[in-house]
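The next block holds one structure in the form of structure tokens; read it before the comments.
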Amino acid sequence: MKRRTTTAALSLALLAGTILSGCTSGDSEDETTPTTATVDAGQATDDRWFCRLIRKDALDAATDGRSAEATEVDAISEEDIYQCDVLLPTDDGGTEVAMSLAMHRNVPGEADARLAEVQAIEGAQPGPEHLGVSYVADTLAVSVVPCKAGPGAPEDSPPVPIVFTVRAPLDAEGAATALLDQSLTRMVREMDQSVGCSPSKIHENGDSADTTAP
């Protein structure tokens, strides 16, 4: 990827002022990680639901084909922060993180910090418009989208920024880069269906594993 010579300044005020309208984009058949989670994405009553949003093809690329050895771990499962780490065994009997998905809802400073981090990576490029303010680079992709405060929030509550992050720290060759925005799309769609987010429309064609477009 060519290095972007200009950077877009994030305006959370602009994001928060965006008029929300929930989308009803159709679901497509998606591949998920071949690990022990068994619930469908979105069933938040099971504390493994967030790990189910990981795409198998992205994990295959991020692990150099070792996804069958991967184990999912709910690193964080709180009201406004979720993180799923996918671990691979190491030769010394330990583990290392091959892929990580995270969501931070209305956490002060998180959007600016993550956007600054991804933009600092050589070759970072803006992501697709349906991911709001977003950047994709080798090993990291970040999306910031305004969403409703939560399922129990009053209808007239102002939107809050949600930061979606996908990391593939072992992928030094960038094999998973073209798939990271699709993993972001799955997270954005999940929250959009749960509480309502803007932009109001994810891609009409879903997030087919056969194309780099979500």
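Kindly provide the set of residues from the range 154-172 that are surrounded by fewer than 19 Cβ atoms within 10 Å (Cβ to Cβ), over 19 Å from residue 75 (Cβ atoms) and at pLDDT 85 or above, ordered by number.
Scanning the range 154-172 gives a single hit, 158.
Conditions tested, residue by residue: (1) more than 14 Å from residue 168 (Cβ to Cβ); (2) of a type in the set (Asp, Glu).
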| site | (1), (2) |
| --- | --- |
| 73 | yes, no |
| 86 | no, no |
| 106 | yes, no |
| 110 | yes, yes |
| 114 | yes, no |
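How many of the residues making up the range 192-214 are crowded, with 19+ Cβ neighbours inside 10 Å and either at pLDDT 90 or above or hydrophobic (A, V, I, L, M, F, W, C) (or both)?
Summing the residues that are crowded, with 19+ Cβ neighbours inside 10 Å and either at pLDDT 90 or above or hydrophobic (A, V, I, L, M, F, W, C) (or both) in the range 192-214 gives 3.
Filtering the range 69-90 down to residues that are within 21 Å of residue 104 (Cα to Cα) and among the charged types (D, E, K, R), which residue is modelled with the highest pLDDT?
Per the criteria, the residue is 85.
Just to verify a result, which residue in the range 82-103, among those that are of a type in the set (Asp, Glu) and surrounded by fewer than 15 Cβ atoms within 10 Å (Cβ to Cβ), is nearest to residue 131 (Cα to Cα)?
So, considering only residues that are of a type in the set (Asp, Glu) and surrounded by fewer than 15 Cβ atoms within 10 Å (Cβ to Cβ), the one nearest to residue 131 (Cα to Cα) is 96.
Restricting to strands (runs of 3 or more DSSP E) lying wholly in the range 71-129: which have 3 or more residues that are without any contact (Cβ under 8 Å) to a residue 60 or more places away in the chain and over 15 Å from the mean Cα position of the chain (by Cα)?
Here the list reads 71-77.
Quick one: is residue 135 at pLDDT below 95, surrounded by 14 or more Cβ atoms within 10 Å (Cβ to Cβ) and part of a strand (DSSP E or B)?
no
Considering only residues of the range 65-98 that are in contact with a strand residue (DSSP E or B) (Cβ under 9 Å, 6 or more places away or on another chain) and among the acidic types (Asp, Glu), which is nearest to residue 184 (Cα to Cα)?
The qualifying residue nearest to residue 184 (Cα to Cα) is 85.
The values are calculated or read from the model by the stated rules, or taken from the named source; none is laboratory data. Bear in mind that the values here come from a model prediction, so they are computed numbers and not experimental data. Positions of Cβ are generated from backbone atoms using ideal geometry, with glycine treated the same way; all protein chains shown enter the neighbour counts.
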